[in-house]
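What follows is a short report on a single structure.
The values are calculated or read from the model by the stated rules, or taken from the named source; none is laboratory data. Here the structure is a predicted model, which means the values were calculated and not measured. With ideal geometry, Cβ positions are generated from the backbone for all residues, glycine too; neighbour counts draw on all protein chains shown.
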Amino acid sequence: MVTRGRVVRILLGGAVGALVVVAAGAAGGPGDASRGRQLFEVKQCARCHRGQGEPGGGPPIERLRRPQGAYELTGRFWSHVPQMFTALTQEGVPWPVISDDEVADLMAYLGADPARDPKPDRLRGHDALVTKGCLKCHSLRGEGARIAPDLGERRAVFAPPARWAATIWRHTPKMAAVAMERGILHPRFSGAEMRHLAAYLGDGPP
């Protein structure tokens, strides 16, 4: 049986291993769906996300592959990474290392397109920053906690969406472990919430 303490230690250890990998490319251009399909197998995504009716630990591939915004999918990454990391840890499967460009390819395969994201609303982004509890760990321009880096110093990572999603993929396991240790609930994002938050953090207040 995997205890909570062991999960936290593994989350932290695995995240450190993932963080030493430098993302390749700028992920500025559109991804390639055919490469994304191959990556879905190579990175062991298909291990849990199988066809409808087939046994698997995660949502079926039909639910993942659908017309959606790129930041919308990034929010889904954020929401589910801790659960995925724990499941892979319990099965002894290494956490997949995914670069910015590879995330762009996976997004293309999964039907995520930045054109489907709504126009960003930075006021809603500020609301998300507060209501999701980001400042319980991070600071922003000197205001907030000091557990994690100041988000105002990392404005370049919030766009394009593939870069932000890849950053989340690498960092969220560690953040989830720290939140678990401190009894902070890992926030969930849905719809356009991540789009608005990324715009506020990347562009600053309206």
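Per this entry, ARG63 is counted among residues that are outside any loop (DSSP other than H, G, I, E, B), modelled with pLDDT of 80 or more and surrounded by fewer than 17 Cβ atoms within 10 Å (Cβ to Cβ).
Restricting attention to helices (runs of 4 or more DSSP H) lying wholly within the range 98-197, give those where 1 or more residues are touching a His at 6+ places or on another chain (Cβ under 7 Å). Where helices (runs of 4 or more DSSP H) fall fully within the range 98-197 and carry at least 1 residues being touching a His at 6+ places or on another chain (Cβ under 7 Å), they are 122-131, 161-182. Looking only at the range 67-97, residues that are part of a helix (DSSP H, G or I) and not polar (S, T, N, Q) come to 16 in all.
Which one is surrounded by the fewest Cβ atoms within 10 Å (Cβ to Cβ), of the residues in the range 111-156 that are farther than 23 Å from GLU181 by Cβ and in contact with a Lys or Arg (Cβ under 6 Å, 6 or more places away or on another chain)? Within the range 111-156, the match that is surrounded by the fewest Cβ atoms within 10 Å (Cβ to Cβ) is GLY152.
Within the option set LEU88, LEU73, being modelled with pLDDT of 90 or more and aliphatic (A, V, I, L, M) holds for one residue only, LEU73.
Can you find, within the range 92-110, the residue that is farthest from the chain's Cα centre (by Cα) among those that are surrounded by fewer than 18 Cβ atoms within 10 Å (Cβ to Cβ) and in contact (Cβ under 8 Å) with a residue 40 or more places away in the chain?
My answer is VAL93.
Taken over the range 49-84, the criterion of being over 20 Å from ALA162 (Cβ atoms) and in contact (Cβ under 8 Å) with a residue 40 or more places away in the chain is satisfied by PRO82 alone.
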